[in-house]
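I have placed the structure first, in the form of structure tokens, so that the comments after it can refer back to it.
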2 protein chains.
Amino acid sequence: MKLLLLFLLTATALLLAAAPVVYGDEGMWLFNNPPRDYLKKKYDFDATADWLEHVQKSSVRFNSGGSGSFVSPDGLVMTNHHVGADCLQKFGSKEHNYLRDGFHARTRADERKCDDLELNVLMSIEDVTERVKAAVKPDMKPEQAFAARRAVMAEIEKESTDKTGLRSDVITLYQGGQYHLYRFKKYTDVRLVFAPEQQIAFFGGDPDNFEYPRYDLDMCFFRVYENNKPAKIEHYLKWSKAGAKEGELVFVSGHPGRTDRLATLAELDYLRDTGFPFLLQRLNRWEVLLMAFSARSEENARQAKEFLFGVQNSRKARLGGLAALLDPQLMARKKEQEKKFRAKAREDESLKDARGVWDRIAQAQKVRAENIRKYTLLEGGAGFNSELFVIARTLLRAAEEKAKSNSKRLREFRESNLESLELKLFSKAPLYNNYEKVKLTDGLTFLANELGAEHPLVKKVLAGKSPSDRAYELVSGTNIKEVAFRKQLYKGGKEALATAKDPMIELARLADPEARKVRKTMESEFEEVQRQAYAQIAKVKFALEGTNTYPDATFTLRLAFGQVKGYEEQDGKHVPFETTFAGMYKHSAEHHNREPFDLPKRWLDKKDKLNLKTPLNFICTADIIGGNSGSPVINRQAEVVGLIFDGNIQSLALDFAYSDEQARATSVHSAGIVEALRKVYDADELADELTGKNR
Amino acid sequence: MKLLLLFLLTATALLLAAAPVVYGDEGMWLFNNPPRDYLKKKYDFDATADWLEHVQKSSVRFNSGGSGSFVSPDGLVMTNHHVGADCLQKFGSKEHNYLRDGFHARTRADERKCDDLELNVLMSIEDVTERVKAAVKPDMKPEQAFAARRAVMAEIEKESTDKTGLRSDVITLYQGGQYHLYRFKKYTDVRLVFAPEQQIAFFGGDPDNFEYPRYDLDMCFFRVYENNKPAKIEHYLKWSKAGAKEGELVFVSGHPGRTDRLATLAELDYLRDTGFPFLLQRLNRWEVLLMAFSARSEENARQAKEFLFGVQNSRKARLGGLAALLDPQLMARKKEQEKKFRAKAREDESLKDARGVWDRIAQAQKVRAENIRKYTLLEGGAGFNSELFVIARTLLRAAEEKAKSNSKRLREFRESNLESLELKLFSKAPLYNNYEKVKLTDGLTFLANELGAEHPLVKKVLAGKSPSDRAYELVSGTNIKEVAFRKQLYKGGKEALATAKDPMIELARLADPEARKVRKTMESEFEEVQRQAYAQIAKVKFALEGTNTYPDATFTLRLAFGQVKGYEEQDGKHVPFETTFAGMYKHSAEHHNREPFDLPKRWLDKKDKLNLKTPLNFICTADIIGGNSGSPVINRQAEVVGLIFDGNIQSLALDFAYSDEQARATSVHSAGIVEALRKVYDADELADELTGKNR
């Protein structure tokens, strides 16, 4: 589920959301504003400050797009296989396919450092709403307002980083209703400890993705190091002896990526008629491209595996979201809600500034719809579709942006973010010429089709050649495949770039003025307008519902909760809350053990050794979404009872509205994890560390 | 290659083409205007009237979208496996997968009748240009002109059918430059004799499609019956003892589907920036849909197999065509050519009517671009994507159109075409509820995305439900799955339809006014305008190049010719003209015998029995395109030396311009066919019939 972040946020700005009156086990709650009363009343559970702090600091964000948690005092981190996959992919070579075959470090010395992985642990939250809002004067034009806000955020972040040494990000909540400063402890020495075969982690493949019942061992373990030693961790989650039980209250602490729960009708219309269809058009295009490329050889398939998984995962998730947007019942609920909000603004004199904002948001959607294709192609990079292009542009822009004062830079080049940016930029992750060429050819073709082959920029970009000839020339000609060369250019700045005349950087230079221009249009005429408007809607929301609510997801730490619970299908069939190893073998047999329903040899050989009644997966009603992948599921004692890895098909509508009728979050069961580690993988040392046997 | 017809022609009108001055072995020649002088001069070959008549009447058109030939006096027809696949797919059931497993009737009694297959043999050609042109008066508006031309064509066809009993079609050549009446003998009792496994017929699958070297046994045999007995055939092709030899002159007699060789620049721009991208968007969408559906179970995969193959085949072909359109060198040649044509029109007073036509064609492209999406969704049916919808609309329109006089009907309902239409409409080919539902859900979603969910027609079509709920309701509720019910409605006409209130027919009724409207717009403002304009361009072409030339492809019989010949890759590597069985086994081993490079068990078992040096595939310079699949390749003596099934990647540009530098047509070698039949399939009786052993 994690890829949502990559495929939607890159092409759009963050959204404000005014949440509905919550009901049932709804909510992706802020750790500084948890639903204590509700938990107390409904579940007789007291979410104490200590409990909250412990869970917060045990939670880990994977900046590659997922969640995780500390599960031992020695820095052991648990997440999903599909979250660790980015690292497994980058380790791979023609000779080694770790994604397919798995990985197991039997000793600490065997643990293998990931190339460009950054983990974040949230240490503190500070409300900086007033300072941010004060920087934007009422008479500023949107463009000025945007720049002023960007400047003050960069300032706050730099001050905080200088003072605390922690990664500091100002997070926009309620899309402008509130601004909180999040400080993270950062880990960049992250080593892979254990991963099973993708075949079992993603058993059932794309057909079973987002389906339930499910049978996936979607787990992966890393260890964070400091000073070349396993980090000593104060807050980590202990292992539950029993694991998840039917009916019990559980919590999910993780990083939901994005929701659009209280987007206005105008924005939902945009998403339904323009945003999602265009995204799906791209995903379809890439899926076909990558499938065709992969079919040509095993080595091609290995190179494209992780990207292909992400594309297929997003495609299925987005189709589910689009289905929700095309569901008249859901849209009727949204209409009702907007009516209520507008009436409140009309009646309440203190909310008079909110009265025109729905129209302003509708107007902003027009700007968005007019610019989204060009924005996605040029600024989002879909018109190039190449890692090498991304590297080239980062080098080009770094030279330009670093020459400016911190407060004037494009946001990703602000001082406090440079370390994270450099980690990515100087990644030693392998790049494959042929693969890059195939993707770049596709990107250039897409660019020509969308803008028209006679568009002046397209003609400049293609330079009198066909897309495939041009891609060949660019990929063969560039030297930025070499990390040392990248470092040299990064250090040398504008002059070094001018001297180098690297063809890929020159390509980025060609496209950059128009890319910056369309970004600026989107920032000032869509993002800023919308942000100011949603800030007003947030006021209406607070006036109607009080402030004990939660904002839309922002890929920052949230607490969700719910019950371990089955559900009824539309035909009345009951779907039980958990599955077992026995069910997995049966599911495989029912599909004649054919891919992707085939099991690794090891699992066939060890079948006799396993307790087949051990639970493998289970579901609960917690409110999650893409980005939550790898989140721990814990009980009242903050013990691990499971590991989130997916949601069922019905959960795909959670992007727009929560429901506990059928929507469920899917987890690996803690008992299944230990049983597999001990009996299938002979990984007793890891199972012991998890369960605290030797502590 | 055959699917081009299905996926491009359905959404556009026929095009005129003015051919360039031919060079080398260029040309898809009319049988009533063959390149006799050129053949005589270059190859010292005399294409006598007898030779031409013999080849013409030995050639067979598969109305499902391919070509074939008679290869025995007892009605045996040779074509490609992928042409026969439509029939194999329709034979299939959950228990039998003939597409995968092949089929072999060892006796005549075992030969199995195809459900809705019509074969055509061209018996005569008559020039009716004057009569058609006379029906259109100079002062008519495009809409009137279109109606008048449609009326006179329907009249001519009906007269001819009444007189001769033959299927009679007026064919538009040079897009309005000429009109010829083609009379076909029709065979509708067509029985399957032999098909190998798809695994060997399409060895290498999508990755090897349109590639060379190649190793496919893409063959299939049918037999036509009359009065329940094998038809006695006067003109059939004898088998060559030697088979294709390097350097020899060969001919291809078949039915190329469509080319755009002399489309104006404005039209090429349209295809490059709008037509091809939109088609590829649809193909990508369907490929992803069908791949995901197929992955869920073997039975799903069986149901979707043939459609999926068609989509993938078209996708690769169209990507090749798009690459040609984005090739500046090709476009420069086109520019040069148009300049010459325009200069001629400017200078030659007798061509003064042609002077404004390039602008008129450019204007017609605007109409086309504005309407193509709606046209494709509503009239082309992409907004429904369901066989059941197609049946429903045919029933609805049949009731309306048959009530009109012959000359006023939509062209497909003209008297002379009704038999062919009924053959399709009353096909017993299986329909699968779940498969139909999945496709219809996709179609309705596509419709909503393209027109916008608030579009009045979309709202009417969805009737307050989500696409998937609506699709479920429609597919479950309709009775037109029953052929008997269809016959009843067809016979009962409007009244029967009104009484039946069948939900799928009511859906078609909802959409039909807008579908007809956009069709009318396209017919009068694009197709008719363009047809009149290209008729003028044809005059310029004849004035410049003489009339010894050929029109663009129209899925009617053409004669191509060329040499059996290898070529040089860009890196200078020589690609030899033929491949062998030994090469096939090697190719499989190099891919670790993994799908789609795995060989059927029979081929592994029989390897020792085979002469591995036997040629399997070969290439030649003949000018072919999609629709030519299944064409016989013959020598000077009109003996079969091969069987066309594909072209190489470079041949995909032939849509726009011929070249013999690298572009090659790919065939199964006649010797490979016989070797496989005798040694692998124990089909001596079939091999004997082909080679005339017992004659």
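Derivation of every value follows stated rules applied to the coordinates shown; laboratory data play no part. Given the structure is predicted, the values throughout are model-derived calculations rather than measurements. Cβ atoms come from the backbone with ideal geometry, glycine included; neighbour counts cover every protein chain shown.
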Practice task
May I ask for log10 I(q)/I(0) of segment A:540-695 at q = 0.09, 0.11, 0.15 Å⁻¹, from a Debye sum over the Cα atoms as equal point scatterers with solvent left out?
Solution key: -0.38, -0.55, -0.95
Practice task
Find every distance from the label point of residue B:227 to the corresponding label point in the other copies (7 Å from Cα along Cα→Cβ) and write them in nm, one decimal, shortest first.
Solution key: 10.3
Handout entry: Cα-derived Rg over Rh, computed across segment A:517-564 with Rh taken as Kirkwood radius
Key = 1.15
Practice task
Write down the radius of gyration of segment B:91-188 and its Dmax, each obtained from C-alpha positions, in Å.
Solution key: 20.4, 63
Problem - Quarter of the Cα convex hull surface for segment A:334-399, i.e. its orientation-mean projected area (nm²) - result: 7.4
Practice task
Neighbouring Cβ atoms within 10 Å as the yardstick, rank A:612, B:544, A:271 fewest first.
Solution key: A:612, B:544, A:271
Handout entry: Non-local Lys pairs in segment A:26-165, i.e. 8 or more apart or on different chains, that have alpha carbons under 23 Å apart
Key = 10
Practice task
Would you work out which of A:145, A:97, A:650 lies farthest towards the positive end of the dipole of chain A? Charges go on Cβ: Lys and Arg +1, Asp and Glu -1.
Solution key: A:145
Completion exercise
Using the Kirkwood radius over Cα pairs of segment A:43-111, the Stokes-Einstein translational diffusion coefficient at 20 °C and 1.002 mPa s, in µm²/s and rounded to a whole number, is 148
Handout entry: Radius of gyration and Dmax over the Cα atoms of segment B:454-549, both given in Å
Key = 21.7, 61
Handout entry: Relative counts (whole %) of C-alpha pair distances in segment A:479-518, using bins that are 5 Å wide
Key = 6, 23, 28, 23, 14, 6, 1
Problem - Shortest-first distances to equivalent copies, position residue B:487, nm, label 7 Å out along Cβ - result: 8.1
Problem - Cβ-placed point charges (K, R +1; D, E -1), dipole of segment A:193-278 about Cα centre in debye, nearest 20 - result: 620
Problem - Shape metrics for segment A:93-142, restricted to C-alpha atoms - Rg then Dmax, Å - result: 23.4, 63
Problem - Tensor-based shape of segment B:176-325 (alpha-carbon gyration tensor, a/c under 1.5 rounded, otherwise prolate or oblate) - result: oblate
Completion exercise
Sorted largest first, the Cα spans of segment B:323-438 on the principal axes come out in Å as 59, 39, 24
Problem - Distances in nm from residue B:42 to the matching label points in the other copies, shortest first (labels 7 Å along Cα to Cβ) - result: 8.0
Problem - Sparse-neighbour loop sites [GluC sites (Glu not before Pro); segment B:340-372; at most 14 other C-beta within 10 Å; DSSP] - result: none
Practice task
Report, please, the projected area of segment A:365-504 averaged over directions, based on the convex hull of its C-alpha atoms, in nm².
Solution key: 9.4
Handout entry: Computed log₁₀ I(q)/I(0) - Debye formula, equal Cα scatterers, no solvent, the protein assembly as shown, q 0.04, 0.07, 0.09 Å⁻¹
Key = -0.26, -0.81, -1.28
Completion exercise
Placing one equal point scatterer on each C-alpha of segment A:34-81 and summing with Debye, one gets log10 I(q)/I(0) at q = 0.15, 0.21, 0.32 Å⁻¹ equal to -0.54, -0.79, -1.09
Handout entry: Largest-first ellipsoid semi-axes for segment B:213-256, taking √(5λ) over the Cα gyration tensor eigenvalues, angstrom
Key = 28, 15, 12
Fill in the blank from the handout: So for segment A:143-260, using the alpha carbon gyration tensor with a ≥ b ≥ c as root eigenvalues (a/c under 1.5 gives rounded; past that, a/b versus b/c decides prolate or oblate), I'd call it prolate
Handout entry: Selection from B:70, B:33, B:47 lying farthest towards where the dipole of segment B:30-99 points positive, charges on Cβ
Key = B:33
Fill in the blank from the handout: Listed with the fewest Cβ neighbours within 10 Å leading, A:361, B:200, A:644 appear as B:200, A:361, A:644
Problem - Hull volume in cubic angstrom per residue (convex hull over the Cα atoms of segment A:294-345) - result: 83
Problem - Size of charge dipole - segment B:271-359 - debye, nearest 20, with Cβ of Lys, Arg +1 and Asp, Glu -1, no other charges - result: 160
Completion exercise
DSSP beta bridges in the protein assembly as shown: the antiparallel percent, rounded to 5, is 95
Handout entry: MRE, 222 nm, helices only [DSSP H, n ≥ 4, -39500 (n - 2.57), over chain B, to nearest 500]
Key = -14000 deg cm²/dmol
Exercise for the section: Any chance you could list P(r) for chain B, counting all Cα-Cα pairs in 10 angstrom bins from zero, rounded to whole %? Expected result: 3, 15, 26, 28, 20, 8, 1, 0
Completion exercise
Short to long, in 5 Å steps from zero, the percent of alpha-carbon pairs of segment A:457-509 per bin is 4, 19, 28, 22, 13, 11, 3
Practice task
Taking the Cα centre of the protein assembly as shown as origin, sum charge times position over the Cβ atoms of Lys and Arg (+1) and Asp and Glu (-1), and report the length of that vector in debye to the nearest 20.
Solution key: 1460
Practice task
Go through B:455, B:513, B:493 and say which Cα lies farthest out towards the positive end of the charge dipole of segment B:455-563; charges sit on Cβ, +1 for Lys and Arg, -1 for Asp and Glu.
Solution key: B:493
Problem - When the convex hull of its Cα atoms is projected in every direction, mean area for segment B:574-617 (nm²) - result: 3.5
Exercise for the section: Compute the Rg/Rh shape ratio of segment B:260-331: radius of gyration over Kirkwood radius, all on alpha-carbon atoms. Expected result: 1.14
Problem - Cα principal axis extents for segment A:262-413, largest first, Å - result: 64, 47, 21
